[in-house]
2 protein chains.
Amino acid sequence: MRYRLLSAVTLAAMASGSVAAQDPGAAAGAIIGSAPFKQASAVMQADQDRFVRELIALTEIPSPPFKEQRRAEAFLGMLRQSGLSDVEIDSEGNVIGLRKGTGAGLVVVNAHLDTVFPEGTDVRVKRQGTRLMAPGVGDDTRGLTLILALIRAMDAAKIRTVSDILFVGNVGEEGEGDLRGIKYLLTKGKYKGRVTQMIAIDGTESSVITRGGVGSKRYRVTFKGPGGHSYGAFGLVNPAFAMGDAIARFSRLQVPASPKTTFNVGAVRGGTSVNAIPSEVSMDVDMRSVSCGELKKIDAAFLALVRDAVDAENKTRSTREGSIAAEPKVIGERPCGETPSTAPIVRRAGAVVSAFGQTPAFESSSTDANIPMSLGIPAITIGRGGPGGRQHSPDEWTEIDPKLNLQGEQIALAIILGVAGMAQA
Amino acid sequence: MRYRLLSAVTLAAMASGSVAAQDPGAAAGAIIGSAPFKQASAVMQADQDRFVRELIALTEIPSPPFKEQRRAEAFLGMLRQSGLSDVEIDSEGNVIGLRKGTGAGLVVVNAHLDTVFPEGTDVRVKRQGTRLMAPGVGDDTRGLTLILALIRAMDAAKIRTVSDILFVGNVGEEGEGDLRGIKYLLTKGKYKGRVTQMIAIDGTESSVITRGGVGSKRYRVTFKGPGGHSYGAFGLVNPAFAMGDAIARFSRLQVPASPKTTFNVGAVRGGTSVNAIPSEVSMDVDMRSVSCGELKKIDAAFLALVRDAVDAENKTRSTREGSIAAEPKVIGERPCGETPSTAPIVRRAGAVVSAFGQTPAFESSSTDANIPMSLGIPAITIGRGGPGGRQHSPDEWTEIDPKLNLQGEQIALAIILGVAGMAQA
């Protein structure tokens, strides 16, 4: 079968990435106005009940960080039922399935399998009118369900894209998962080196396009010393004193409000008894910045102040039984990155949002898209297709009003088609 | 029955407390040289096997802090078998039994029931030659066993004292027990207000007489704040920063080497996630001093610096969602105190040690004797009757060589008789 371009000029340029000279608004209009897109929209509209059913089913399969396997297997089955062939689970645990295009390029479209909620969380879905409520129902289970609906609509409307699309339900987006799923996909998996663009589905508002990846660096710093009796061994170095000094120095760091840069001590622990000098204490530290340069600066400043605090304690008290040493262990690293506002993927996505009468907002966040951004692969994060709120809390909710849902689905589909290039039989 | 004084001049003076003008050395010599003391010594010598049997039996009954009941009941039974009548367990859990004297005064002779070891510790006694090894075998189970042996010897030798002696196996000496047993005994129990002197049996060396009570003050300070997302809510006050600042200030306090004064941060905890500003963190702090004045000074300085650190954090960052508050909760308070070197109880005990050819060492420590000292009741802590080591560790051991044990028992008995006054039928 041979595919002709929907609009020979526009779409060939879009797929080739040389669209800078083109009008993204016109391209978006062409996609949205096309017969296949209208047909896909009708399919999605008729598909609402199944969408809700699948959303509930997936939400009720717990998927804590590092324990995404059950949900991965369920999603694998649903992807196959939705018409995607060549679906598999890779070595990291990502569900991946390729939808072949007609030309060049490989666009990843992903949603993450994991939620922030630990094992034992009650994930049963409650329904109030057009709201579904459950931990994880929005973030990012709705993203997974949206992928299923989009594939069915594209197949039913016989939509082909120029670039291949790799649909991914990935592991490890939240917290200590540390973006491991997408890291693996782009730097180790079988598609390593072949991905040309990436669209992460992981936002609440369809009008928001995330093109800045807030980078983060996380440490668990362990301070060790000889320990001893609080009275009998008084005068020996105390790792809690070194850590307290480090925290005090850290708290005095000056960071710019813009580019937004933040730091946090999120947890402390250590010591066994009030009347013993601890032999070990530790703290968990989080630093983030919209700017790669600022993140590097605060990272270096933090490591230096930890060294200074340790040195000061070793100079202040006796090291005759041993000295204090600090071991900063990286427990999280989300590379920062940015897709330029002029990049075709950003301009096309913005044009689609505008074409639906909304004002696109370009923001920075920390999502799976950080990884491609840091690797120089143009990437954005877009909405899951419906409003929602209270993410990361047990009161999380997502709106499934059919009209709103359809518009969210349409925006996502149009962005994907704009980025991957729409071809037609 | 009427009792005549062993040495009318010496012992009447000793019991009445007006011994300052007397020669404690002569008094000690008179006791040790007396026929009843020699008879008691012979009884103790013959009693070695039972002493060891009882020491092993009591050691193998676990007695963690706040869980002394099983051992208390066993000790109650043994006290009765050893000849003490009117034995009971008071409302705090102390085993108490009165041995009537012929005259005035009430001397408490105590050892503590509790060990530092938690439930589940293997407390089976191992024997290597003349060493017994087990957690708690010395501290203070040997003190309990010594009390049993002393009562049997006094009874067999028909020794009567001038003052009543209240033998006590008390709860709550170790750690968070916070001296609750003796606190209750002296300030709430049925003998409240009647105790005139106290001898705590809780030391390793028979030559060491503890006459200084190292006071301690312990806090768990909880720092609370509004919490929030490490990135989204950055700029809000962080209780970990306030606590770190407090620790840093604390670590810079200057304390005298003499009178020895110490401070410690023994444990820290709090926070739930690296990417959340904690809503609560806490630390456990221990301060001690040989000097009541210095303990008060460091206590006040500590509370002030906690306030300063909280104020500084509330001024440095935003309190729009709430401010930081610190709650210092007293988790331990051992009052300091001292029995003067000129007090009869100290001079008599020292003279007994000298009479056995050893050089008495007068020290400060933190024991049950802190309580009477703080109340102005003359008190000392003496040895358990045998060398030992590694107290508070699983490798604890105590020496039961019969000759060494007998001498330890003799020193303890002579000190008790010197303090309570020895009368004879």
**Request:** Could you point to the residue in A:Leu84, A:Pro65, A:Ala46 farthest towards the positive end of the range A:45-87's charge dipole, with +1 and -1 charges on the Cβ of Lys/Arg and Asp/Glu respectively?
**Result:** A:Pro65
**Fill in**
Between the Cα axis of helix B:344-355 and the main Cα principal axis of chain B, the angle (0 to 90°, nearest 10) is 60 degrees
**Prompt:** If all Cα-Cα distances of the range A:55-193 are sorted into 10 Å bins from 0 onward, what percent lands in each bin, rounded to whole numbers?
**Reply:** 12, 43, 32, 11, 1
**Request:** State which entries of A:Lys217/B:Lys315; B:Lys67/B:Lys217; B:Lys100/B:Lys183; A:Lys315/B:Lys224; A:Lys188/A:Lys224; A:Lys67/A:Lys329 exceed 25 angstrom in Cα-Cα distance in the structure shown.
**Result:** A:Lys217/B:Lys315; A:Lys315/B:Lys224; A:Lys188/A:Lys224
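How high is the relative contact order of chain B, in percent, counting Cα pairs under 8 Å that sit 6 or more residues apart? List each step's numbers first, then the result.
Working: 1002 pairs, mean separation 108.1, N = 425.
Worked out over chain B, it gives 25 percent.
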**Request:** Would you compute the Debye intensity of the range B:67-119 from its alpha-carbon atoms alone, equal scatterers and no solvent, and pass along log10 I(q)/I(0) at q = 0.13, 0.17 Å⁻¹ to two decimals?
**Result:** -0.37, -0.59
**Request:** Can you give me the three principal axis dimensions of the range A:33-99 from its C-alpha atoms, in Å, biggest first?
**Result:** 42, 25, 18
**Complete:** Within the set A:Thr272, A:Thr222, A:Thr367, GNM on chain A using Cα springs under 10 Å gives the largest fluctuation to A:Thr272
**Message:** Between B:His112, B:His392, B:His229, where does the largest GNM mean-square fluctuation fall for chain B, given springs only between Cα atoms within less than 10 Å?
**Reply:** B:His229
**Message:** Is the C-alpha gyration tensor of the range A:352-422 telling us rounded, prolate or oblate? Criteria: a/c under 1.5 is rounded; beyond that, a/b larger than b/c is prolate, otherwise oblate.
**Reply:** oblate
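Could you size up the charge dipole of the protein assembly as shown around its Cα centre, putting +1 on the beta carbon of Lys and Arg and -1 on that of Asp and Glu, and report it in debye to the nearest 20? Write down the numbers at each step before the final one.
Details: 96 positive and 88 negative charges, 65 e Å.
It works out to roughly 320 debye.
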**Message:** Using a Debye calculation, one point per C-alpha and no hydration shell, please list log10 I(q)/I(0) for the range A:304-395 at q = 0.17 Å⁻¹ in order.
**Reply:** -0.87
**Item:** Which of A:Ile182, A:Asn370, A:Leu106, positive extreme of dipole for chain A (C-beta unit charges)
**Value:** A:Leu106
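Restrict the search to the range A:98-178; then list the trypsin sites (Lys or Arg not before Pro) that DSSP places in a loop and that have at most 14 other Cβ atoms within 10 Å of their Cβ. Provide the component values of the computation, followed by the final result.
Working: sites: A:Arg99, A:Lys100, A:Arg124, A:Lys126, A:Arg127, A:Arg131, A:Arg142, A:Arg152, A:Lys158, A:Arg160; in loops: A:Lys100, A:Arg124, A:Lys158.
When the trypsin sites (Lys or Arg not before Pro) of the range A:98-178 are filtered for loop state and at most 14 Cβ neighbours within 10 Å, A:Lys100, A:Arg124, A:Lys158 remain.
Hey, how much of the P(r) for the range A:235-358 falls beyond 27 Å, as a percent of Cα pairs? Before the final figure, lay out the partial values.
Numbers: 2941 of 7626 pairs.
Beyond 27 Å sits 39 percent of the P(r) for the range A:235-358.
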**Item:** Cα long-axis angle, helix B:141-156 against chain B (0 to 90 degrees, to the nearest 10)
**Value:** 20 degrees
**Item:** Calculated [θ] (222 nm, deg cm²/dmol) that DSSP helices of n ≥ 4 give over chain B, each run adding -39,500 (n - 2.57)
**Value:** -11500 deg cm²/dmol
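Quote the Stokes-Einstein diffusion coefficient, in whole µm² s⁻¹, for the range A:115-157, based on the Kirkwood radius over alpha carbon pairs, a temperature of 25 °C and a viscosity of 0.890 mPa s. Kindly include the intermediate steps, with their values, before the conclusion.
Working: Rh = 12.0 Å.
The diffusion coefficient I find is 205 µm²/s.
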**Request:** Rank A:Leu150, A:Leu303, A:Leu58 by mean-square fluctuation in a GNM of chain A with C-alpha springs under 10 angstrom and give only the top-ranked residue.
**Result:** A:Leu303
**Asked** Any idea which of A:Thr319, A:Ala242, A:Leu295 is furthest toward the positive side of the dipole for the range A:217-324, if Lys and Arg beta-carbons carry +1 and Asp and Glu beta-carbons -1?
**Response** A:Leu295
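Can you give the Kirkwood hydrodynamic radius for the range B:134-199, in Å, rounded to one decimal and based on Cα pairs?
Values: mean 1/r = 0.0729 Å⁻¹.
One over the average 1/r among Cα pairs gives 13.7 Å for the range B:134-199.
With both bridge residues required to lie in the protein assembly as shown, what share of the DSSP beta bridges run antiparallel, to the nearest 5%? Mind showing how you got there, number by number?
Working: 110 of 156 bridges.
If I count the DSSP bridges inside the protein assembly as shown, around 70 percent turn out antiparallel.
Note down the magnitude of the dipole of the range A:66-204 about its Cα centre, charges +1 on Lys and Arg C-beta and -1 on Asp and Glu C-beta and zero elsewhere, to the nearest 20 debye. Provide the component values of the computation, followed by the final result.
Details: 20 positive and 18 negative charges, 118 e Å.
Result for the range A:66-204 is approximately 560 debye, rounded to the nearest 20.
How big, on average over all directions, is the shadow cast by the Cα convex hull of the range B:151-270, in nm²? Let's see the in-between values first.
Details: hull surface 52.1 nm².
Mean projected area for the range B:151-270: 13.0 nm², to one decimal.
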**Asked** Extent of chain A along each principal axis, from alpha carbon coordinates, in Å, largest to smallest?
**Response** 84, 47, 37
**Item:** Cα gyration tensor, the range B:166-214 - rounded (a/c under 1.5), prolate or oblate
**Value:** oblate
**Prompt:** If R0 is 60 Å, what FRET efficiency do you get for B:Gln69 and B:Arg252 from their C-beta distance, rounded to 0.05?
**Reply:** 0.85
**Request:** Kindly express, to the nearest 10 degrees and within the range 0 to 90, the angle between helix B:48-59's C-alpha long axis and the longest C-alpha principal axis of chain B.
**Result:** 20 degrees
**Prompt:** Using alpha carbon centroids, what distance separates the range A:58-103 and the range A:270-346, in Å?
**Reply:** 36 Å
**Message:** If you average 1/r across every pair of different Cα atoms in the protein assembly as shown and take the reciprocal, what Kirkwood value do you get, in Å?
**Reply:** 31.9 Å
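Compute the Kirkwood hydrodynamic radius of the range A:366-407, taking the inverse of the mean of 1/r over all pairs of distinct Cα atoms, and give it in Å to one decimal. Don't skip to the answer; put the middle values down first.
Details: mean 1/r = 0.0806 Å⁻¹.
For the range A:366-407, inverting the mean 1/r across all distinct Cα pairs yields 12.4 Å.
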**Message:** From the gyration tensor of the Cα coordinates in the range B:236-294, what semi-axes in whole Å does the equivalent ellipsoid have, largest first, with each one equal to sqrt(5λ)?
**Reply:** 30, 11, 7
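No value in this document is a laboratory result; all are computed from the given coordinates. Bear in mind that the values here come from a model prediction, so they are computed numbers and not experimental data. A quick note on method: Cβ atoms are made from the backbone with ideal geometry, for glycine too, and the neighbour counts reach across all protein chains shown.
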